[in-house]
Amino acid sequence: MRLFTVLFLGIFLFTSCSHFSKVMKSNDYDYKLRVADKYYADKDYSHAQQLFEELFRIFKGSEHFEDIYYKFAYCAYYLRDYANAENLFKGFVENFPNSNKAEEMDYMRAYTFYKQSPKVDLDQTNTTKTIGFMQAFINTHPGSDKIKEASTIIDKCRAKLEQKEYKSAQLYYDLAYYKAAGTALNSLMNSYPDSEKSDEYKYLIIKADYQFALQSVDERKPERFGIVVTQCNEFIDRFPESKLSKSVQEYLTISQNNIKSLQNEQVKKAS
């Protein structure tokens with residue numbers, strides 16, 4: 001039975017390849033277009049793409065050109081050649097700005113960048129581009145039924161960028177680069193002021209500033225513990241219901257005590 005299946009597949013593939021080879025050699029372009037459309041309908045995008053690529057220049061300017069352009073672009077997309085698909089979706093809009101498919105193509109152009117958005121740890125250039133192009137789509141097509149989907153994708157991309165920025169700051173902290181960690185976290189909070197994790201970011205700033213103060217020379221410690229006190233008070237004012245409030249209060253108390261101890265030491269030395 002297995003041998004029969006293998007033989008059947010072999011014969012099918014040979015016949016299919018033989019048929020495609022004959023189509024490619026044909027000079028009947030109307031026939032080629034019908035076959036390309038059939039391949040496309042059957043989701044055989046690889047064969048359809050090869051035919052559309054040739055027909056692209058043959059039918060340029062004809063009544064069939066818009067449909068060929070449309071399907072050719074989608075062939076690249078379905079074959080996961082997103083860079084080429086993006087260029088083709090863009091080209092469609094430029095060539096057929098008044099087409100009833102132009103809005104769809106404009107959205108798909110933005111979507112190809114989303115499909116190329118990598119894992120958090122990798123370079124996020126395409127994630128940033130996704131946000132820009134999706135926002136441009138929303139601005140250009142305010143009545144589109146794709147607005148909600150575009151907005152959701154923007155939110156997902158922003159969350160990814162936020163997570164990457166947080167992981168970078170956390171790495172600074174883990175490596176004991178406390179000043180750099182504090183700077184990165186402050187930047188993170190400024191970039192995402194409405195983040196659901198804002199209290200966690202502020203708490204980590206407090207921890208980083210506290211560790212930086214501990215590492216400082218005695219002359220700078222009062223000033224730097226004072227910064228921790230300020231950060232703690234800001235946290236308490238901004239996040240009164242946070243589950244981290246108790247821990248923040250502990251940092252506030254110990255920082256205030258450190259300042260008093262240091263001031264007392266300075267008085268003793270002066271006397």
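Within the range 50-78, work out how many residues are in a loop (DSSP other than H, G, I, E, B), of a type in the set (Lys, Arg) and either buried (at least 17 other Cβ atoms within 10 Å of the Cβ) or in contact (Cβ under 8 Å) with a residue 24 or more places away in the chain (or both).
So in the range 50-78, the residues in a loop (DSSP other than H, G, I, E, B) come out as 59-64.
Checking the rest, the ones that are also of a type in the set (Lys, Arg) come to 60.
Filter once more, keeping what is either buried (at least 17 other Cβ atoms within 10 Å of the Cβ) or in contact (Cβ under 8 Å) with a residue 24 or more places away in the chain (or both): none.
Final tally of qualifying residues: 0.
On inspection, residue 237 passes the criterion of being under 36 Å from the mean Cα position of the chain (by Cα), open to solvent by 30 Å² or more (accessible area, probe 1.4 Å), farther than 30 Å from residue 121 by Cβ and modelled with pLDDT of 95 or more.
Listed by first and then second residue, the pairs linking a residue in the range 90-115 that is in contact (Cβ under 8 Å) with a residue 24 or more places away in the chain to a residue that is of a type in the set (Lys, Arg) and open to solvent by less than 40 Å² (accessible area, probe 1.4 Å), with Cβ atoms under 9 Å apart and 6 or more places separating them unless they lie on different chains, form an empty list.
Hey, any hits in the range 128-142 for a residue that's assigned to a loop (DSSP other than H, G, I, E, B) and either under 21 Å from residue 48 (Cβ atoms) or hydroxyl-bearing (Ser, Thr, Tyr) (or both)? Scanning the range 128-142, I find no residue that is assigned to a loop (DSSP other than H, G, I, E, B) and either under 21 Å from residue 48 (Cβ atoms) or hydroxyl-bearing (Ser, Thr, Tyr) (or both), so the answer is no. Scanning the range 107-125 finds no residues that are of a type outside the set (Asp, Glu) and over 18 Å from the mean Cα position of the chain (by Cα). Screening 200, 196, 165 for residues that are within 23 Å of residue 246 (Cα to Cα), surrounded by 15 or more Cβ atoms within 10 Å (Cβ to Cβ), within 24 Å of the chain's Cα centre (by Cα) and among the acidic types (Asp, Glu) leaves exactly one candidate, 200. Every residue in the range 173-188 that is part of a helix (DSSP H, G or I) and either in contact (Cβ under 8 Å) with a residue 24 or more places away in the chain or surrounded by fewer than 16 Cβ atoms within 10 Å (Cβ to Cβ) (or both), please. Scanning the range 173-188 gives 173, 174, 178, 179, 181, 182, 183, 187, 188. Suppose we keep only residues that are in a loop (DSSP other than H, G, I, E, B), among the charged types (D, E, K, R) and open to solvent by 50 Å² or more (accessible area, probe 1.4 Å) within the range 1-49. Which one would you say is modelled with the lowest pLDDT? Only one residue fits best here, namely 28.
The values are calculated or read from the model by the stated rules, or taken from the named source; none is laboratory data. Note that this is a predicted model, so its numbers are computed, not measured. Because the Cβ atoms are built from the backbone with ideal geometry, glycine has one as well, and the counts that use them run over all protein chains shown. Areas reflect the complete protein model, heavy atoms only, side chains present, ligands, DNA and RNA absent. Shrake-Rupley method; radii C 1.70, N 1.55, O 1.52, S 1.80 Å.
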